[in-house]
Every structure is written in C-alpha cells, then in structure tokens.
Amino acid sequence: MKFLTLVVLVVLVGCGGPSRPPTFPVRGLITSEGQPLEGVTVAFRPRDPGNGQRPANGKTGPDGRYELSTFTAGDGAMAGEFGVTLLKFPPVVADDSQSGDGEYVPPEGPLPPPPANVLPKRYADPKTSGMAAEVKAAGENTFDFSVDLSAD
C-alpha cells in the first residue's frame, strides 16, 4: 500500500502540472512627438485568436518603456502576429472617506463612472490603431510606437 501511494505521489508531482506554450521577451517604447508617454497600457491582441495564442500586456514607465507579460510578469509574448492597442487612464484620486476614528466609510449613492481613456479612441481597437507586431521565437522583439494625440 505504501509503495502504491508513493508511485501515485511521484506521478502527480513529477508531471509538474500543465505546460505553458513558450513566450519570448517583448519590449518597446511609446512616444508622442518624441516624448515618452508614461502610464500607457500596451496590449498585444492575437490576429487569429483561434490558433491558441494568448494576449500579452504591459504598462509604460516614466521613460515610456514597456515590457510584456502573458503568464507571469515580464515573460513576454507567444510567437505570432498581433494587433496592438494602447490605453491610458488618468490616475485615480484616493477618497479619504474615513470617520474620525480611522475607519473607512463607504460613499453613499451611485459610484462615479470610471475615468475615460485619454488617448485617441482609434488606439483602443487593434483594427483601427494602425499598429501591429510579429513576435518571433528567434531574435530581438522590440516594438516602438509613436502616438498622434490629435488623431481620432
């Protein structure tokens, strides 16, 4: 009985769970008129979602640079063709609704609508963004994009 339990444990642990498809590092720079754009969510959307590709996302830092993630932070994107979207939302201002004793007091009434995307609408859809990328298994995958803030 002990031997059978040991065999079952070895099989279960040894399998390591489901394997993930390979991903490849992807990074780049988002600018407008040569200036870096901070806080932009960069999303790579599969051109053919039926082929098992997963989307990958990242967010630009103060220098306008991003790094994509699919399964874990910074793991990159799967190989293939992607449509690219960009979104940027204004920062959410924290509501300091607290009672005198430091306990949180929820706001009354309906919640305010979420903030609107501050980038031109066309960049939110891979069909209208005008941006695409092909991630390759070999070589460097660096994709820089320039945003026209007056477009729509």
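None of the figures in this text is laboratory data; all of them are computed from the coordinates on show. Fair warning: this is a prediction, and the values are worked out from it, not measured in the lab. Positions of Cβ are generated from backbone atoms using ideal geometry, with glycine treated the same way; all protein chains shown enter the neighbour counts.
Mind counting the residues in region 19-34 that are surrounded by 13 or more Cβ atoms within 10 Å (Cβ to Cβ) and either in a loop (DSSP other than H, G, I, E, B) or among the small types (Gly, Ala, Ser) (or both)?
First, the residues of region 19-34 that are surrounded by 13 or more Cβ atoms within 10 Å (Cβ to Cβ): 23-32.
Applying the additional criterion that residues be either in a loop (DSSP other than H, G, I, E, B) or among the small types (Gly, Ala, Ser) (or both) yields 23, 25-26, 28, 32.
Matching residues across region 19-34 total 5.
The number of residues in region 121-152 being in contact with a strand residue (DSSP E or B) (Cβ under 6 Å, 6 or more places away or on another chain) and of a type in the set (S, T, N, Q) comes to 4.
Within region 73-80, is there a residue that is in a loop (DSSP other than H, G, I, E, B), of a type in the set (Asp, Glu) and buried (at least 16 other Cβ atoms within 10 Å of the Cβ)?
Taking region 73-80 and keeping what is in a loop (DSSP other than H, G, I, E, B), we get 73-76, 78-79.
Within this subset, residues satisfying the condition of being of a type in the set (Asp, Glu) are 75.
Filter again for buried (at least 16 other Cβ atoms within 10 Å of the Cβ), leaving 75.
Yes, there is a match, as at least one residue in region 73-80 is in a loop (DSSP other than H, G, I, E, B), of a type in the set (Asp, Glu) and buried (at least 16 other Cβ atoms within 10 Å of the Cβ).
Checking each residue in region 35-60 for being of a type in the set (Gly, Ala, Ser) and either touching a residue at least 24 places away in the same chain (Cβ under 8 Å) or part of a strand (DSSP E or B) (or both) picks out GLY39, ALA43, GLY52, ALA56, GLY58. Flag not set for THR70, criterion: buried (at least 19 other Cβ atoms within 10 Å of the Cβ), over 19 Å from PRO22 (Cα atoms) and among the polar types (S, T, N, Q).
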